[in-house]
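This report refers to the structure that appears directly beneath it.
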Amino acid sequence: MALRVGARLGPYDIISVLGAGGFGEVYKARDTRLDRTVAIKILSSADTDLKARFTREAKAIAALTHPHICTLYDVGHDAGTDYLVMEYLEGETLAARLSRGPLTLNDALTVGIQIAEALGNAHRAGIVHRDLKPGNVIVHRDGTAKVLDFGLARLTGPPAESSVEATTRQTQTVPGTIMGTPNYMSPEQVRGEIADARSDLSRHRSLRKRCRSTTVRWEQRGRHGVEYHRA
Ligand SMILES: Nc1ncnc2c1ncn2[C@@H]1O[C@H](COP(=O)(O)OP(=O)(O)OP(=O)(O)O)[C@@H](O)[C@H]1O
Ligand SMILES: [Mg+2]
């Protein structure tokens, strides 16, 4: 469902469209009660089990407070639309930044360490990201990085379907070879197994490599029984 600028969702006034991803659109909005700017993500899934799971697990995600994790403020339902409300982040996604070229070694280390700290904090709270990628990191002008969408890959779809099978279906061209669409899947995600905290570490390694790579494509083969291409 696409919302018009000026529309009202619960106590939130829609200001503009920020983007769209796998789960639905993201809007910049105004919290009319607290008078602050927020980002609202619409959940497009109609599955009631998933919604119940989301409401349950949102509590754990909302408890994550860390300087490098985008805070979840609220979840809501209005006029048949489920949505979540998060901290509005100024800046650009790391994906947008990397489209102009690699980071300096210093910037790559800074961003890499900040994201590692965010992952460590979430893992200690029992929450795995499962979908770490440059599009889920926003970098502020001052160099501060914040990780978006913590735990959402699991909350908005069955574990295997959301992060593994859907991506595999989009990208698989030859049996056993996954290529094309940018992806940061860990070996166990490629194999369709359940991803745990180690998966985030594998994706963090891919992200670090991407931050410094001048070519947008590289290849990894063999050790885990799969061959896949990353862009
Ligand atoms: N909290 C936020 N503050 C500011 N902008 C945001 C925020 N969350 C998302 N955005 C913007 O909205 C865009 C779409 O986000 P979304 O998470 O839906 O897409 P995605 O990361 O490309 O895909 P997905 O997470 O579904 O795999 C992002 O690229 C970003 O520009
Ligand atoms: Mg995202």
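Being part of a helix (DSSP H, G or I) and surrounded by fewer than 21 Cβ atoms within 10 Å (Cβ to Cβ) is the filter here; which residues of segment 117-128 pass it? Explain how you work it out, then say what you get.
So the first thing to find is which residues in segment 117-128 are part of a helix (DSSP H, G or I), and the list is 117-124.
The answer is Glu117, Gly120, Asn121, His123, Arg124.
When you look at Asp142, is it near ligand 1 (Cβ under 10 Å from one of its atoms) and either touching a residue at least 40 places away in the same chain (Cβ under 8 Å) or not assigned by TED's automatic domain parsing to the domain that holds Phe23 (or both), yes or no? Break it down stepwise before answering.
Working: near ligand 1 (Cβ under 10 Å from one of its atoms): no; either touching a residue at least 40 places away in the same chain (Cβ under 8 Å) or not assigned by TED's automatic domain parsing to the domain that holds Phe23 (or both): yes.
Considered against the rule, which asks whether it is near ligand 1 (Cβ under 10 Å from one of its atoms) and either touching a residue at least 40 places away in the same chain (Cβ under 8 Å) or not assigned by TED's automatic domain parsing to the domain that holds Phe23 (or both), Asp142 comes out as no.
Within segment 1-54, work out how many residues are within 18 Å of the chain's Cα centre (by Cα) and among the hydroxyl-bearing types (Ser, Thr, Tyr).
3
Given the residues Leu132, Leu119, which is the only one that is in contact with an Asp or Glu (Cβ under 6 Å, 6 or more places away or on another chain), within 15 Å of ligand 2 (Cβ to nearest atom) and at negative phi? Steps first, please.
Values: Leu119 fails: within 15 Å of ligand 2 (Cβ to nearest atom).
One residue alone meets the criteria, Leu132.
I need a count of the residues in segment 1-58 that are more than 15 Å from ligand 2 (Cβ to nearest atom), part of a strand (DSSP E or B), over 13 Å from Met86 (Cα atoms) and not small (Gly, Ala, Ser).
Residues that pass the stated criteria total 5.
Being part of a helix (DSSP H, G or I), touching a Gly at 6+ places or on another chain (Cβ under 7 Å) and not β-branched (Val, Ile, Thr) narrows it down to one residue among Ala95, Ala108; which is it? Give the derivation first.
Details: Ala108 fails: touching a Gly at 6+ places or on another chain (Cβ under 7 Å).
Going through Ala95, Ala108 in turn, just one is part of a helix (DSSP H, G or I), touching a Gly at 6+ places or on another chain (Cβ under 7 Å) and not β-branched (Val, Ile, Thr): Ala95.
For Gly91, only one of the following conditions fails: (1) in contact with a strand residue (DSSP E or B) (Cβ under 7 Å, 6 or more places away or on another chain); (2) buried (at least 18 other Cβ atoms within 10 Å of the Cβ). What is its number?
All conditions are met except number (2).
Considering each residue of segment 104-116, count those that are surrounded by 15 or more Cβ atoms within 10 Å (Cβ to Cβ) and either among the charged types (D, E, K, R) or under 11 Å from Gly143 (Cα atoms) (or both), and give that number. Walk me through it before giving the result.
Initially, segment 104-116 is screened for residues surrounded by 15 or more Cβ atoms within 10 Å (Cβ to Cβ), giving 107-108, 110-112, 114-116.
Next, from what is left, pick out any that are either among the charged types (D, E, K, R) or under 11 Å from Gly143 (Cα atoms) (or both): 107-108, 110-111, 114.
Of the residues in that region, 5 qualify.
Can you pull out the residues in segment 1-46 that are at pLDDT below 80, within 16 Å of ligand 1 (Cβ to nearest atom) and exposed (fewer than 13 other Cβ atoms within 10 Å of the Cβ)?
Hit for segment 1-46 is Met1, nothing else.
Applying the selection to segment 67-124, what residues are within 23 Å of Ser16 (Cβ to Cβ) and hydrophobic (A, V, I, L, M, F, W, C)?
Cys70, Leu72, Val75, Ala79, Leu84, Val85, Met86, Leu89, Leu94, Ala95, Ala96
Output the helices (runs of 4 or more DSSP H) that fall wholly within segment 129-231 and possess 1 or more residues being among the hydroxyl-bearing types (Ser, Thr, Tyr) and at pLDDT 80 or above, or say none.
Working: elements: 152-155, 166-171, 187-190, 197-212.
Qualifying helices (runs of 4 or more DSSP H): 197-212.
The values are calculated or read from the model by the stated rules, or taken from the named source; none is laboratory data. These numbers were taken from a predicted model, which means no experiment stands behind them. Heads up, the Cβs are rebuilt from the backbone with ideal geometry, glycines too, and the neighbour counts pull from every protein chain shown.
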